[in-house]
1. For the subset of segment 1-25 comprising residues that are among the charged types (D, E, K, R) and not in a loop (DSSP other than H, G, I, E, B), which member is nearest to Lys36 (Cα to Cα)?
2. Test each condition in (1) out of contact with any helix residue (DSSP H, G or I) (no Cβ under 6 Å at 6 or more places or on another chain); (2) surrounded by 12 or more Cβ atoms within 10 Å (Cβ to Cβ); (3) of a type in the set (Val, Ile, Thr); (4) touching a residue at least 24 places away in the same chain (Cβ under 8 Å) for Ile11 and report the one that comes out false.
3. Just to verify a result, which residue in segment 26-47, among those that are aliphatic (A, V, I, L, M) and outside any helix (DSSP H, G or I), is surrounded by the most Cβ atoms within 10 Å (Cβ to Cβ)?
Amino acid sequence: KLNRLEAVNIIVIYFNLNSKAPITLLELGLYTRSRKIIMYCSKGYWQRGNI
């Protein structure tokens, strides 16, 4: 999966209120500097203040 994330031009990330999504948080951290990320975080998501 990480190889494919490296190859794409855009990474879309959605943080759902009903999921903790620890792997998605890790992927966000790995690719933040790539400037390829479009992200949406639901109101009430448990880590919203840190994203």
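Coordinate-derived values only; no laboratory data. Keep in mind it's a predicted model, so treat the numbers as computed, not measured. Note that each Cβ is placed from the backbone with ideal geometry, even for glycine, and that neighbours are counted across all protein chains shown.
1. Let us first name the residues in segment 1-25 that are among the charged types (D, E, K, R), namely 1, 4, 6, 20.
Next, only the ones that are not in a loop (DSSP other than H, G, I, E, B) stay: 4, 6.
Working: Arg4: 13, Glu6: 10 Å.
Across segment 1-25, the extreme among qualifying residues is Glu6.
2. Answer for Ile11: the failing condition is (1).
3. At the first step, the residues of segment 26-47 found to be aliphatic (A, V, I, L, M) are 26, 28, 30, 37-39.
Within this subset, residues satisfying the condition of being outside any helix (DSSP H, G or I) are 37-39.
On the way: Ile37: 15, Ile38: 9, Met39: 13.
Residue satisfying both the conditions and the ranking: Ile37.
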